[in-house]
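Input: a single structure, listed below in structure tokens.
The values are calculated or read from the model by the stated rules, or taken from the named source; none is laboratory data. The structure presented is a predicted model; accordingly, all values stated were derived computationally and were not measured. Quick reminder, even Gly has a Cβ in these numbers, built from the backbone with ideal geometry, and neighbours come from all protein chains shown. Remember, those area values only see protein heavy atoms, side chains included, never the ligands or the DNA or RNA. Shrake-Rupley method; radii C 1.70, N 1.55, O 1.52, S 1.80 Å.
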Amino acid sequence: MFAGWAIVTLAIGYVGVLFAIAWLGDRVIRPRKRGSGRPLIYALSLGVYCTSWTFFGSVGLAAATGYDFLPIYIGPILMFALGWPLILRIVRLSKSQNITSIADFLAARYGKSQAVAAIVTIVAVVGCLPYIALQLKAIVISTETILGGNPLVDIVLPSIGFVDTAMIVAVILAVFAVLFGTRHIDATEHQDGLMLAVAAESLVKLATFLAVGVFVTFAVFGDLEAFAGRMLTSNILEPVFRRPFNGTAWLTSTFLSMCCIVLLPRQFHVTVVENTSEREVKRAAWLLPLYLVLINLFVVPIAAAGLLMLPKGLVEPDMFVLALPMAKGSSLVTTLAYIGGLSAATAMVIVESIALSIMVSNGLVIPLLLRNRMLGEAQQEGLTSQLLTIR
């Protein structure tokens with residue numbers, strides 16, 4: 001059982017480390033004009049695709065449907081491993097047109113239509129806000145779990161005054177996005193500190209998930225051979241992991257995920273807007289697929305261990321990543337799992353918010369102000385100085 005104050009301190013402290021990394025990135029990477037390490041940072045930043053759904057939800061989906069979580073990652077792997085020339089072409093087109101968002105990109109294909117940009121922006125905001133909310137919800141649920149909560153036990157979340165943990169984290173992430181995501185009037189300017197922080201979070205997600213996976217596999221099954229044996233003989237696991245193959249669903253999910261790895265606002269931002277050279281795309285062509293393979297290595301063992309060990313209905317399958325180390329009495333691995341989930345959620349919220357703010361500013365607010373003549377001539381001439389405030 002963890003103390004509430006310790007969880008609040010851990011969450012705030014982690015985001016504080018992100019501040020330090022982003023600050024360091026702005027002062028080290030930018031003056032050096034992006035040295036040889038930039039392709040690695042770029043490739044790792046693409047790991048923002050792996051949100052809290054990857055860290056928690058993949059295990060939950062595997063516990064319910066077996067291997068049906070795989071197409072969500074097969075699509076991006078195929079897109080970068082085989083389709084990187086297409087991505088490179090998108091990057092070239094975007095750089096030549098000073099594209100700053102997926103809304104700008106689609107509008108440019110229709111004669112830079114402002115109507116198209118506005119429609120894409122509205123669709124993106126409507127579609128992404130619930131997903132952002134889901135990340136904050138994941139922080140709340142993981143906090144409840146680590147404090148010992150379950151459907152049968154009511155848990156009061158830790159708070160400062162009348163403000164709970166989720167609100168505290170949301171406000172801190174908003175401040176982070178404002179400070180490190182809106183530093184330049186030109187949206188095509190590269191946010192080196194932000195990219196370094198996102199890349200660091202990708203490493204944290206991967207390292208913590210692998211740590212949990214190794215711990216659970218050997219603590220529950222003993223070794224990989226014993227795990228394989230249980231998979232073949234268990235009456236609990238057999239119905240889940242020997243379900244009939246649904247080719248249509250796999251094909252559909254694979255195609256959609258191939259689109260998402262490039263067209264989601266946050267993915268377009270890190271893939272295209274933050275790109276500084278073709279060398280970065282070529283590095284990501286093998287490094288991102290490797291990353292996605294590694295972060296999914298232990299999804300099935302963790303799901304299987306949760307189904308075997310944890311009482312049905314007492315722990316949500318999405319929280320097996322946290323509940324299993326807790327059940328085995330490992331405070332260290334439980335803390336790592338919590339940090340990993342927090343990292344996955346915060347990276348998505350920060351980058352998605354920045355990408356959407358650019359889209360709303362350029363696609364809705366500024367055109368509306370100009371069209372309705374809500375700005376005087378002097379204000380219009382100095383409009384660039386107001387862009388950061390609007391974002």
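Both radii are taken from the alpha-carbon atoms of the chain; with Rh as the Kirkwood radius, Rg/Rh is 0.99.
Given a 10 angstrom Cα cut-off, can you work out which residue in I77, I350, I12 is the most mobile in a GNM of the chain? With Cα springs under 10 Å in the chain, the top fluctuation among I77, I350, I12 is at I12.
Computed from the alpha carbon atoms alone, the convex hull of segment 241-391 holds 209 Å³ per residue.
For K95, the lysines whose Cα comes closer than 24 Å to its Cα, not counting residues fewer than 8 places off in the same chain, are K33, K112, K282. Potential lengthening of the chain between C259 and V126 amounts to 46.1 nm, from the contour at 0.36 nm per residue minus the alpha-carbon distance.
In order along segment 111-124, the Karplus-derived 3J(HN,Hα) couplings, from 6.51 cos²θ - 1.76 cosθ + 1.60 at θ = phi - 60°, round to x, 6, 5, 5, 5, 4, 4, 5, 5, 4, 4, 4, 4, 5 Hz, and Gly and Pro are given as x. The HN-Hα couplings worked out from phi for segment 59-70 by the Karplus form 6.51 cos²θ - 1.76 cosθ + 1.60 (θ = phi - 60°) are 5, x, 5, 5, 5, 9, 10, x, 8, 5, 7, 5 Hz, whole numbers, x standing for Gly and Pro.
Volume per residue of the convex hull around the Cα atoms, evaluated for segment 215-280, comes out as 182 Å³.
Taking every protein chain into account, the accessible area of the chain amounts to 45 square angstrom per residue (probe 1.4 Å).
Using the average count of surrounding beta-carbon atoms within 10 Å as a protection proxy, the listed peptides 49-55, 196-202 rank, highest first, as 196-202, 49-55.
Using mean Cβ contacts within 10 Å as the protection proxy, how do 285-295, 216-226 order, highest first?
Listed from highest to lowest mean packing, they are 285-295, 216-226.
At full extension, I390 and D223 could sit 54.6 nm farther apart than now, given 0.36 nm per residue minus the alpha carbon distance. Working from label points 7 Å from Cα in the Cα-to-Cβ sense, the V178 to N98 distance is 2.8 nm.
Scalar couplings 3J(HN,Hα) for segment 210-223, obtained by applying the Karplus form with A = 6.51, B = -1.76, C = 1.60 to θ = phi - 60°, are 5, 4, 5, x, 5, 4, 5, 4, 7, 6, 8, 9, x, 6 Hz; x denotes Gly and Pro. Taking the accessible area of segment 265-315, probe 1.4 Å, and keeping the other protein chains in place, the carbon and sulfur fraction comes to 66%.
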